[in-house]
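*Asks:* Here it is, the structure in full.
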Amino acid sequence: MPGIELHWRTWDDESVLYEARSGDTHLLDRTTVLILRALADARQPLGAGALTAAIGQDRDLPPNPELRAYCERTVHQLLRLELIERAD
């Protein structure tokens with residue numbers, strides 16, 4: 001994610017994320033970290049279905065409407081916090 005500089009520290013199921021540009025620090029749960037990493041590692045923008053499948057696979061969960069809704073809400077929160085950028 002160009003222009004966004006993230007620094008991580010992880011303990012058990014929680015991570016602290018520092019965004020250097022803003023100076024903001026965030027406490028994230030494991031699934032939110034998985035979402036951020038999946039988006040950062042993707043070679044192309046991920047749609048909601050592909051993101052849900054990737055997170056479900058990592059968490060050993062079948063893709064389902066609740067997981068998809070969680071992923072969509074989390075992406076909107078990450079956009080609002082400017083921790084990710086919208087793909088054009």
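*Asks:* Each residue of region 4-9 in order: what ³J(HN,Hα) in whole Hz does its phi give by Karplus 6.51 cos²θ - 1.76 cosθ + 1.60, θ = phi - 60°, with x for Gly and Pro?
*Replies:* 10, 10, 10, 10, 10, 9
*Asks:* Moving on. A42 to I4: extension gain in nm, 0.36 nm per residue of separation minus the Cα-Cα distance? Numbers along the way, then the final one.
*Replies:* Working: separation 38, 0.36 × 38 = 13.68 nm, distance 1.56 nm.
So the extension gain works out to 12.1 nm.
*Asks:* Further question on the same structure: Using only Cα atoms, find the angle between the long axis of helix 48-58 and the longest principal axis of the chain, and express it within 0 to 90 degrees, rounded to the nearest 10.
*Replies:* 90
*Asks:* Sorted from largest to smallest, which semi-axis lengths in Å does the alpha carbon gyration tensor of the chain give for its equivalent ellipsoid, taking the root of 5 times each eigenvalue?
*Replies:* Values: eigenvalues 88, 49, 24 Å².
Over the Cα atoms of the chain, the ellipsoid semi-axes are 21, 16, 11 Å.
*Asks:* Starting from the 7 Å offset along Cα-to-Cβ, what nm value, one decimal, do you get for the label separation of E14 and R59?
*Replies:* 1.8
*Asks:* Further question on the same structure: Could you tell me how many degrees, from 0 to 90 and to the nearest 10, lie between the Cα long axis of helix 65-80 and the main elongation axis, the longest principal axis, of the Cα atoms of the chain?
*Replies:* 20
*Asks:* Shifting gears a bit: How large is the charge dipole for the chain, taken about the Cα centre, if only the Cβ atoms of Lys, Arg (+1) and Asp, Glu (-1) carry charge, to the nearest 20 debye?
*Replies:* 180
Quick note: the coordinates plus some simple rules give every number you see, no bench work behind them. Quick caveat, the model's predicted, so the values are computed rather than measured. All Cβ positions, glycine included, derive from the backbone under ideal geometry; neighbour counts span all protein chains shown.
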